[in-house]
Each structure stands twice: as structure tokens, then as C-alpha cells.
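Here the structure comes first, spelled out in C-alpha cells, and everything after it is commentary.
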Amino acid sequence: FFERQLIIIDTSNEMHVYRIGKGTIGSYKLITQVDTAAWNDSSDMLAAIADGRLVIWTYPQIAWTDRDLLAQTQYIKDVANEFGKLSSIVNFRGSRIVVRRADGALVTTNISPYAGLLYTYTSRARWEEALKLCRWCQETQCWAALAGMAVNASNLDAAEAAFAALNHADKLEYLQYIKDKVFSQQAKNAEMALFKRQPEEAERIFLEGSPPLLYRAIKMNIKLFRWERALELAVKHKSHIDTVLAYRAKYLERFEKQESDPRFKQLSATVSWEWEQVKAKKDLEKQEEAERAGVSFFAGSNSSHK
């Protein structure tokens, strides 16, 4: 759950972090008005001096996992008087940062040591100790970092505890859904990719199995209002066309709209559907998935039309 990263400060003094790996490069603008920045020597923590403030990100990689938490990973300290203008970070070792002022003087400052200790535990998969550390220090920055690390490591128990501590009820509810209502490891992996806002990767995982988890892939696209893609999958696999049309009709009725897509119009004229048939097909596919995973599934355990 630790990936290669690169920071670039452009000519406008904006700092971008790049994720390098898996054949792709993605970037995200972290902060503006940056004078200097440095990575930690033994972890993925990142320090920058920007607009008279020292900013530490305990887990900048969370930009690819859950940007809602990015601000909660930050330690921020006003250093305008201490460091002055045009200062530069010499090194960032452990919890100590050495800065060279414009007059050449070296100044040292320290941050909380707990984030560095958190890396020690999580890099060795010592999740219980990581949780104990966060519960003891009660630092939001550590809880946010742990949440991101746990999600990237697919450790649902640790992620649940972290999101609960951060009072992110919606994310906690979704993780509980993955634990309790998603049966196979394949589906769990796909749902975690979706949790990390990677719908293309989630769809790929849903469909790579044998047999593919077609209903879950189609339903994911429906939830994301990617109607064309949902219909494309149904037509390609010659299954669940009625499912897509049923949810499309429900969507149009709810928002009091008329169908405008020619393809949906054409199929609606030739394909009939009934909610009971749609639900039965969904339940059958989930039951088969549960049986392959060796768990029990009771039809109707989810609310209607989910």
C-alpha cells in the first residue's frame, strides 16, 4: 500500500504530487505558494514550507484513496517568524526537520513522532498495534493516515475503526456493507477499488472472474449514472438488459423525465421487464456468488430493488 511518488514544484510555486506505477502516472495539486519541500527519510511523509507555514502530510498517498481525508493528514505550524522568507528544507529525518534560513543559519523543528511510528507498525502489518497507537495518541492526523493505509491494504477492520474515530459515518457504512453484503473476495476487491474512486478498475475486477460478476458490474455503472456503459455491458453479455431498462425507467420516473436516448428507446420497445423477474435474476446471481465463496445468502435479505 506504499507506491512510488514524485513531487514537482512548478514555476507558479504550486506543488504537485505524482503517483508512478502500474503503467500509469497520475498527479494532484497539493498546495500553492510553496518555497521548499522534502520527503521524509524513512516514510512517505512529506514536508513543505508554503506561505509562511510548515505543512506536513502524514500520508500524501491518500490523494489517490480518499481526498476528503487529505486535509486531516496535515500538521500545520506557523513558521514565518522562525524561518523567515526564502528558507529551504535541508532534511526531514524521523520527526525532525532541519531548515536553512536565508541568512545561512540552520534551524531545527520537531513534529509529533506518532505518525512515523505508525508507519513502522503498518509496514509490518502490525495493525492491532497501529490501532492501539492511534487510540492512545488521539491525533486526527494519525487516524486519517491509518484510514488511508488500511483501505489501500484492504484491511477492513482497521479501516472501520479509523473512519469511526474520524466520524465519517458514510464511509463506515460502506465498509460495513462490503464486509457483510459482499460475498466473494473478487467482489470485495472490486468494491474497495470503487471506494477508492476507481470505477474502471472496479469494473475490470468484477468482469475478470469466471463467471464474471455481471450484475454487480452493471449495477455499479447504474449507481454512477453511467447508463450507456451499463447497457453496453448488458448487450455484450446478452444478459440483464431488462435490469438496465427497469432501473432506467425508475430513474426517469423519479426525475420526471422522458427517454431521449435512441438506443434505450429502441430496446424499450422490444424488451419487456418486470421487477420480480429483475429481482429474481439478481438474487440468483448473488446466490451463485455466495455458494462459490462458501457463505450463505438469503434472497430478500437486501431491500427491494437494490
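Hey, which of these cross-link pairs are over 19 Å Cα-Cα: LYS181/LYS219; LYS188/LYS219; LYS188/LYS279; LYS181/LYS281; LYS181/LYS282?
Violating the 19 Å Cα-Cα cut-off are LYS188/LYS279.
So how tilted is helix 185-195 from the main axis of the chain? Cα-based, degrees 0 to 90, rounded to 10.
60
Only one of the listed values, (i) -0.37; (ii) -0.48; (iii) -0.42, was derived from the coordinates as log10 I(q)/I(0) by the Debye sum over Cα atoms at q = 0.08 Å⁻¹; which label is it?
Label (ii) holds the value from this structure.
Of all accessible surface on the chain at a 1.4 Å probe, what whole percent is carbon and sulfur? Present the calculation step by step, with values, prior to reporting the outcome.
On the way: 7580 of 15800 Å².
Ligands and nucleic acids excluded, carbon and sulfur reach 48 percent.
Report the local net charge at TYR174: Lys and Arg +1, Asp and Glu -1, summed over other residues whose C-beta lies under 13 Å from its C-beta.
Surrounding charge for TYR174 is 0.
If you roll a 1.4 Å probe over the heavy atoms of the protein chains, what accessible area per residue do you get for the chain, in Å²? Walk me through the intermediate numbers first.
On the way: 15800 Å² over 306 residues.
Accessible area per residue, the chain: 52 Å².
Give the ranking of GLU208, GLU3 by solvent-accessible surface, highest area first, calculated with a 1.4 Å probe.
GLU208, GLU3
The values are calculated or read from the model by the stated rules, or taken from the named source; none is laboratory data. Since this is a predicted model, take the numbers as computed values, not measurements. Glycine gets a Cβ as well: all are built from the backbone with ideal geometry, and neighbour counts include every protein chain shown. Please note that ligands, DNA and RNA were not included when accessible areas were found on the heavy atoms of the full protein model with its side chains. Shrake-Rupley method; radii C 1.70, N 1.55, O 1.52, S 1.80 Å.
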